[in-house]
Every structure is written in C-alpha cells, then in structure tokens.
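> This structure is in structure tokens; I'll ask about it shortly.
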Amino acid sequence: MPNSFWENPSVLTADEIWPMGVWKNSPASRKIASTHPGLQKEYCKALDDFQEADVIGSPYAIFSYEPNPDVSSKQGLISFRKELHSKKKKLILDFVPNHVSVDSNYIDRFPNCFLKTEKNDHNSFLHPNGNRYVHGRDPFFNGWTDTVQWDFSKEETIRLHENILMEIASLCDGVRCDMAMLVLPEVFERTHGIRSLPYWQRVIDKIKSAYPDFKFYAEAYWNKEYELQCLGFEGTYDKTLYDRFSENSGVEVLKHLQADLHYQNKSIRFLENHDEERAFHHFGNSSCDYFAILSFLPGIILYYAKQDLGYTKKVPVQLGRMEKEAGSLHIKDFYTRAFEIIRKRKGKIERTIPALRMFVSVSIICYILEYETAKELLIWNPETFPVSGRIEVPMKEYYREFLRDQVSGEIFQIPESEIEQEGMFFRLNPKQSQWFIF
C-alpha cells in the first residue's frame, strides 16, 4: 500500500482493517452483473463516466478462497498483515458461509456439498455436472442468481468449511462473516425446508483450537445477534441502532442503549457500510452527531471508506472503481477531530459514567469518559424540540474559560459565575449532540 494509505486518518485510527474483494472473483458473476438491468441504473448513479469494464462482479459471489490476482497474492497478503502488525493493527477478511459463485471450482471438487433440487424455477440452475442446484438466498427474497447454496445438512460440508477457514486463518486475524444468521438451523429450515446441522459453535471452536485469538464478526439481522454472540462471535452488526437513527426515533435509541452491557460490548455500530446509503447522504450533518454518540458507546465502531470525507454516492459492490467526489469540508473537519481524540484515548479509558442526574424534565443521553490525561463529556438531545438544563458535574473541576464542541467545532466562552452553579448548563437543538473535553 502507498504511504498515503498509512497516513490516512481513518487508517491511523483503526485497530483492524477489513478490505473487500480480496478473494478470487467469479467470471460468471461479472457477466451476470454486467447485464443486470437494475444494477445498470446503480452503476450510472455511482459513476458519471461508467463503462462496462468497471464491472468486476460481486465480491460475495466468491469463486474460491484464493487471493484475487488483480488485488494481491498469498505472499502479498502475508506481507500486508505483517505491516499491519508492525503498526499494532489486525487484518480482517471476508468469509461467506452461505454460498459461493455458480461457477466456483468448489462445485466440481465437492458436488455433494451443495443443495440440490428437482424444482426448475428462478431459484435454481442446472450445473454442467448434471445436478440442479439452489441459488444462495435468504427466506425473504429470491436467490442471488450468481451464487450456489451450500448444503448445511451434510457433515461433509461442515468439515470442508472448517478446512477453508483454517486456511483463511493462516492469512489474517479474523473474518467478517456475511449474512451469518442464514446458517442457523431454524433459518436454514425456513429458507430451504430442511434443517441444517449445528454449525457456528463447532466451526468457531475448531478454528480457535488452532488460532485462539482469531476473531469472528457477524453480519446479522432479524434479532439473531445475541444467539450468534452466544455461539462464539466477538461482534455482531447493530442494525437496530442504525434503523433507530434513520427513523429519527430518539426514544427508541434510548431504549436500545439500555440493553445488557455484555450484549452491547459485542455490538458493531455503524452509520454506513457497503449495503447502506452513504452516511452524509442519508443523515446529513446529523451523521456527525451520531458518530459522536458511537464514539462513547461500548462495543465496536465500523466505518467505511471515505465516510470521513462526506462522500454521498453509494458504490455497488460489483464495481471496481469509486469516483472521486468533492466531499464535505465540515464532515472532514469533524472526523479529523474525532479520530485524533479516539487515538489519544486508546488504552487509557478508566471508566465510563452513563446516565448522570439531569436537571431537566426530559431524557437526554449523557456519557463521561475518564482517563489519566482528560475527561470527555457527550450529551445528545434525542427529542424533536430544543432542550436545555444542567448536568450534575462538579463545576469547580469541570470549569474551563473556553470549551470547544468537538462536533460542530464551535467555541463557547464560559462565564466565571458558572463555577458556583449546581451543574453544567447546556442547550441543544433537536437531535444535536455536543462533545467536550476537560
């Protein structure tokens, strides 16, 4: 990677790097993606000068778990990981448990590990080996036509996945498991009419027996997050929080953040990823307020490429090129401040104090982080109307002549008379957050 990659503030701040599209891609997926009518519209939205050569196929219709020669090699991955380790960072790669591409070489090598059917419909296809297989799918939609479904009712399939993951684990420090809940027995049965064998705990235990520190992260929905955590995942997507922010439902955000701390510690919070709209496009300037909240919550923060620049164009995963955008200076300045704060506090936080007593008649979010060199205060108004009041903090300790809100960048002059007041005064607009350092 060039020096500009390592000097990027988002990379400097990250503990782990998750590159997409590392595995060998599928010629069949590229062909299907090149002719898909709906995707054509998305391509033209993402690239003003779109050309068919920009289509590379889906990185989630994997041909085989070998490095994509257009991206890297096995030795290249090993070198990249070594460089990450030298900078105290870890490498996370994709694992797609549910399916591979329709032309994958795994089908020729292991024809009985894939789900066969007698039905000749849009959710199946006839393979050159003479078997009719089911496309990979979830229970709510038709199948992904560039994929073939693994058969998790077969012992042979699970043993093969253990071997694949053991190879992957020799190259990286963890895997982000795509649509991890599809493998659960009750979900597999609802989707395909047959019950799968127990999978995740067995597979995770097997890999960790050889690589104890290897991490499993789950893309997960449908209230299956806690179940997957119990099966051994270190982190599961918190789509619920994203949805509550999207719905402007402050009360529901507050309820969600009262969940069990053990569950929250394994929650992966995000404002965008490759499946969602760009955060700045979706949330506008509120994306800064929401990222400030994420920066105080227990759990894991996932942020996406160029999120910190305020890009607005969602790029379909089937494209191999991203258009350079003007971005937003306001968003860039905020993330520059936020990333610098997060880097300074790493490994130093002694305690988090949530739910301080408020001298106000409505609920707001308030967190204090304490560490040896500073204290940080976050307040957020979840209401649809302005809120003001006081927060119970010792003003003699917290008083500063000037305070800078790290979200907006605005500097406030605090009168000396505030030292004698009972608590710190605040005034917040609807959905506004403020982030102060003492």
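> Amide H to amide H, which residues 5 or more places from G389 or on other chains are under 5 Å from it, using H placed in the peptide plane?
F426
> Over the alpha carbons of the chain, what is the largest minus smallest coordinate on each principal axis, giving the biggest first in Å?
Taking max minus min along each principal axis of the Cα atoms, the chain gives 84, 46, 43 Å.
> Using DSSP, restrict attention to beta bridges with both residues in region 3-347 and report what percent are antiparallel, rounded to the nearest 5. Working shown, then result.
Working: 11 of 28 bridges.
Bridges in region 3-347 are about 40 percent antiparallel.
> With springs connecting C-alpha atoms under 10 Å apart, model the chain as a Gaussian network and identify which of N120, N98, N285 has the largest mean-square fluctuation.
The residue with the greatest mean-square fluctuation here is N120.
> Report the normalised scattering of region 244-285 as log10 I(q)/I(0) at q = 0.24, 0.30, 0.32 Å⁻¹, calculated by the Debye formula with identical scatterers on the alpha carbons.
After summing over all Cα pairs, the log10 values are -0.94, -1.04, -1.06.
> Working out 0.36 nm times the residue gap between S86 and T384, then minus their Cα-Cα distance, what length gain in nm do you get to one decimal? If you can, show how the numbers build up before the last one.
Numbers: separation 298, 0.36 × 298 = 107.28 nm, distance 4.68 nm.
That works out to 102.6 nm of additional length.
> Relative contact order of the chain, please, whole-number percent, based on alpha carbon pairs below 8 angstrom and at least 6 residues apart.
The value is 12 percent.
> Reported to two decimal places, what Rg/Rh ratio describes region 252-338 when computed on Cα atoms with Rh from the Kirkwood expression?
Expressed as Rg/Rh, it is 1.01.
> Also, I was wondering about something else. Once phi is turned into θ = phi - 60°, what whole-Hz ³J(HN,Hα) does the Karplus curve with 6.51, -1.76 and 1.60 give for every residue of region 116-133, x standing for Gly and Pro?
8, 8, 9, 6, 9, 9, 5, 9, 9, 8, 8, 7, x, 6, x, 8, 9, 10
> Taking the 0 to 90 degree range and rounding to the nearest ten, how far is the long axis of helix 74-86 tilted relative to the main principal axis of the chain, both from C-alpha atoms?
20 degrees
> Any chance you could give the angle, 0 to 90 degrees and rounded to 10, that helix 329-345 forms with the longest Cα principal axis of the chain?
The answer is roughly 90 degrees.
> Counting alpha carbon pairs within less than 8 Å and at least 6 residues apart, what relative contact order, in whole percent, applies to region 351-437?
Worked out over region 351-437, it gives 33 percent.
> Considering only Cα-Cα distances, which of the following residue pairs are longer than 27 Å: K224/K255; K239/K306; K89/K224; K74/K116?
Details: K224/K255 18 Å; K239/K306 20 Å; K89/K224 29 Å; K74/K116 33 Å.
Listed pairs above 27 Å: K89/K224; K74/K116.
> Going by how many other beta carbons lie within 10 Å of each one, how would you line up M20, M1, M424, fewest first? If you can, show how the numbers build up before the last one.
Details: M20 16, M1 12, M424 23.
Fewest-to-most Cβ neighbours within 10 Å comes out as M1, M20, M424.
> Continuing with the same structure: Just to be sure I understand: if I project the alpha-carbon convex hull of region 351-437 onto a plane and average over all orientations, what area do I get in nm²?
5.5 nm²
> Also: For the chain, what does -39500 (n - 2.57) per DSSP helix run (n ≥ 4), summed and divided by total residues, give at 222 nm, in deg cm²/dmol to the nearest 500?
Helix-only estimate at 222 nm: -9000 deg cm²/dmol.
> With everything on Cα atoms, drop me the angle between helix 37-46 and the longest principal axis of the chain, reported from 0 to 90° to the nearest 10.
Around 40 degrees separate the two axes.
FYI, it's all coordinate maths here, none of it is from the lab. What you are looking at is a predicted structure, and each value in this text was computed from that prediction instead of being measured. Virtual Cβ from ideal backbone geometry, glycine too; neighbours counted across all protein chains shown.
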